[in-house]
Amino acid sequence: MSEIKVAIVEDEKLYRDTLISYLQKIGEETGNVFSWKCFISGYDFLENHEGYYDLIFLDIGMVGRNGRQLAKEIRKVDDKCKLVFITALQQYAIEGYSVQASDYRIKPVQYSDFKLKRTRLFLQRNAEREKNTVLIKTEAGLIRVNQNEIIYCETLIHKIILHTMMGDYETYSSRKDFEKKLTEEYLVRCNSCYIVNLNKVDKIEKSIAYLSNGVKLSISRPRLKETIAKFKELGK
């Protein structure tokens, strides 16, 4: 079973510790594998988050950039992660609908309720991740790479180099066979040698795609119009 990556954005240590203990307990009871990172504010998350998360718990009432504001920022770059609002006031829960929140929990969160809802959510997210991964053969063996974490791919004649948020991977495959494995429409071929993840592109100027990691990729003339159109669909 794939690891489930969780972010907890909560300014009260008591509730951060409570959620961590619940994740640990669910892991022991269900066999799910979790990793998590805690953030004490919306600013802390934006400055220090480590890329892609499957599930993000957001405290609505944080000082500064609160959970509602942070959720809107997250949705600009990631429309697939599950967002769960944590709030002391039930009247705020309805605000989650505007950012496609999966659920909300009223403080104090009870484990029995947490487990019932989260287990179903985790299993659903795991199934989605399995469909969203690409299986490649490397020197280290078979590896599943999440397509959301791909930044860009170099497609040579018989070798593919995947540059991802988790590192680089090399696999021997034809371009045609590799592209058949990709299911996400934001992974597009920008020229004969490169496939780029448009979610990792900061801007396109003329025929150059400027990636968030500083790499610049040229876009061939035949692919420029389609690439720009798909980039605009992301709202960038």
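The values are calculated or read from the model by the stated rules, or taken from the named source; none is laboratory data. This one's a predicted model, so the numbers in the text were calculated from it and none came from an experiment. Quick reminder, even Gly has a Cβ in these numbers, built from the backbone with ideal geometry, and neighbours come from all protein chains shown. Accessible surface is based on the protein model in full, side chains and every heavy atom, while ligands, DNA and RNA are left aside. Shrake-Rupley method; radii C 1.70, N 1.55, O 1.52, S 1.80 Å.
Give region 143-199 a look and list any residue that's small (G, A, S) and either touching a helix residue (DSSP H, G or I) at 6+ places or on another chain (Cβ under 9 Å) or assigned to a loop (DSSP other than H, G, I, E, B) (or both), or say none. Scanning region 143-199 gives S173, S174, S192. The residue of region 193-211 that is farthest from G235 (Cα to Cα), among those that are in contact with a strand residue (DSSP E or B) (Cβ under 8 Å, 6 or more places away or on another chain) and open to solvent by 40 Å² or more (accessible area, probe 1.4 Å), is C193.
Scanning region 1-43 for residues that are open to solvent by 30 Å² or more (accessible area, probe 1.4 Å), part of a helix (DSSP H, G or I) and farther than 19 Å from T87 by Cα gives Q24, K25, E28, E29, T30.
Applying the set (1) part of a loop (DSSP other than H, G, I, E, B); (2) open to solvent by less than 30 Å² (accessible area, probe 1.4 Å); (3) at pLDDT 80 or above; (4) not basic (K, R) to A101 leaves exactly one unmet item: (3).
Scanning region 212-226 finds one or more residues that are modelled with pLDDT under 90 and open to solvent by 60 Å² or more (accessible area, probe 1.4 Å).
When the residues of region 149-175 are filtered to those that are farther than 15 Å from V196 by Cβ and touching a Lys or Arg at 6+ places or on another chain (Cβ under 7 Å), the one that is most open to solvent (accessible area, probe 1.4 Å) is Y172.
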